[in-house]
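This report refers to the structure that appears directly beneath it.
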Amino acid sequence: MMTRISMDDHIDAVTDDHRFSPLAYGSELWTFEHLEAFAFHTPVEASPGSSVSVAVVVFFSNHCFSREVEPGEVVDEAHVVMDGSIRRVLDKTRYALSREYLPRLIQELQTRSIKVADPSRPNFVTFEVQPAEPGTPASNYAVFFEVRRDSRRKGRLLLRVQSGYVLERLTHRLRDAKKMSFRVILKNAYTRKR
């Protein structure tokens with residue numbers, strides 16, 4: 001069970017890269033209250049038959065509302081955001097979907113289907129099927145995330161939402177990827193050596 005807790009004791013886990021000031025997009029003002037970091041307590045199995053309550057701090061990257069600049073693409077500099085030293089461009093569809101689905105999808109992870117997107121990292125993905133026009137296939141809003149043990153504080157996990165965007169069709173790798181429950185993801189992150 002996820003129990004939301006105050007961020008007061010966990011604000012140190014959130015860097016400036018995960019705090020977003022309002023941005024102008026044409027005549028619109030994009031605000032990011034929906035992507036503010038939050039924390040919750042949840043039980044995690046520390047060893048067979050023994051669980052502990054851990055704090056999980058959730059934060060979002062700007063990939064939830066921006067995309068790569070395509071080679072040769074000319075973009076309005078007012079729409080450029082930086083991800084470290086990499087230029088990205090604001091993406092209206094990603095922003096709208098983030099407002100519609102995030103962070104609700106993250107709050108529902110305990111009951112959602114989750115796949116291992118990349119076993120070498122590991123990172124994970126959950127999908128929200130998008131309604132389709134008659135005669136066209138449905139697309140998927142894919143939310144990629146990682147969970148790791150906090151190296152600075154005992155009993156805390158960090159869940160970073162890496163990206164959220166529409167996939168018109170799933171690759172074979174994603175379609176056939178191994179499923180994993182959120183409970184197991186948290187357990188694996190918690191019991192992994194620092």
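The values are calculated or read from the model by the stated rules, or taken from the named source; none is laboratory data. Because the structure is predicted, anything quoted here is derived from the model rather than measured. Cβ atoms come from the backbone with ideal geometry, glycine included; neighbour counts cover every protein chain shown. Calculation scope for accessible area: heavy atoms of the full protein, side chains included, ligands and nucleic acids excluded. Shrake-Rupley method; radii C 1.70, N 1.55, O 1.52, S 1.80 Å.
Being assigned to a strand (DSSP E or B) and either at pLDDT 95 or above or open to solvent by less than 20 Å² (accessible area, probe 1.4 Å) (or both) is the filter here; which residues of region 100-138 pass it? Step through it out loud before you land on a result.
The initial filter retains those residues of region 100-138 that are assigned to a strand (DSSP E or B), namely 115-118, 123-130.
Correct list: Lys115, Val116, Ala117, Asn123, Phe124, Val125, Thr126.
Which one is modelled with the lowest pLDDT, of the residues in region 1-38 that are under 27 Å from Val184 (Cβ atoms) and either outside any loop (DSSP other than H, G, I, E, B) or among the small types (Gly, Ala, Ser) (or both)?
Start the filter on region 1-38 by keeping residues that are under 27 Å from Val184 (Cβ atoms), which leaves 1-5, 7, 9-10, 13-14, 18, 35, 37-38.
With the extra rule that they be either outside any loop (DSSP other than H, G, I, E, B) or among the small types (Gly, Ala, Ser) (or both), the set shrinks to 3-5, 13, 18, 35, 37-38.
Details: Thr3: 83, Arg4: 90, Ile5: 93, Ala13: 94, His18: 92, Leu35: 97, Ala37: 96, Phe38: 96.
Residue satisfying both the conditions and the ranking: Thr3.
Does at least one position in region 86-98 carry a residue that is part of a helix (DSSP H, G or I), surrounded by fewer than 16 Cβ atoms within 10 Å (Cβ to Cβ) and among the small types (Gly, Ala, Ser)? Before the answer, list the steps.
Within region 86-98, the first condition is being part of a helix (DSSP H, G or I), and the residues that meet it are 92-98.
Next, only the ones that are surrounded by fewer than 16 Cβ atoms within 10 Å (Cβ to Cβ) stay: 92-93, 96.
From what's left, among the small types (Gly, Ala, Ser): 96.
Yes, there is a match, as at least one residue in region 86-98 is part of a helix (DSSP H, G or I), surrounded by fewer than 16 Cβ atoms within 10 Å (Cβ to Cβ) and among the small types (Gly, Ala, Ser).
Could you tell me which residue of region 1-58 is surrounded by the most Cβ atoms within 10 Å (Cβ to Cβ), considering only residues that are small (Gly, Ala, Ser) and in contact with a helix residue (DSSP H, G or I) (Cβ under 7 Å, 6 or more places away or on another chain)?
Within region 1-58, the first condition is being small (Gly, Ala, Ser), and the residues that meet it are 6, 13, 21, 24, 26-27, 37, 39, 46-47, 49-51, 53, 55.
Then drop every residue that is not in contact with a helix residue (DSSP H, G or I) (Cβ under 7 Å, 6 or more places away or on another chain), which leaves 24, 37, 46.
Working: Ala24: 11, Ala37: 20, Ala46: 14.
Filtering region 1-58 for residues that are small (Gly, Ala, Ser) and in contact with a helix residue (DSSP H, G or I) (Cβ under 7 Å, 6 or more places away or on another chain), the one surrounded by the most Cβ atoms within 10 Å (Cβ to Cβ) comes out as Ala37.
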Residue pairs meeting the criteria (Cβ under 8 Å; at least 6 apart or on separate chains; first free of Cβ contacts under 8 Å to residues at least 40 places away in the same chain, in region 129-143; second basic (Lys, Arg) and surrounded by 10 or more Cβ atoms within 10 Å (Cβ to Cβ)): Pro137/Arg169; Ser139/Arg169
Quick count over region 40-84, residues being part of a loop (DSSP other than H, G, I, E, B), of a type outside the set (Ser, Thr, Tyr) and either closer than 19 Å to Arg148 by Cβ or in contact with a strand residue (DSSP E or B) (Cβ under 6 Å, 6 or more places away or on another chain) (or both), is 3
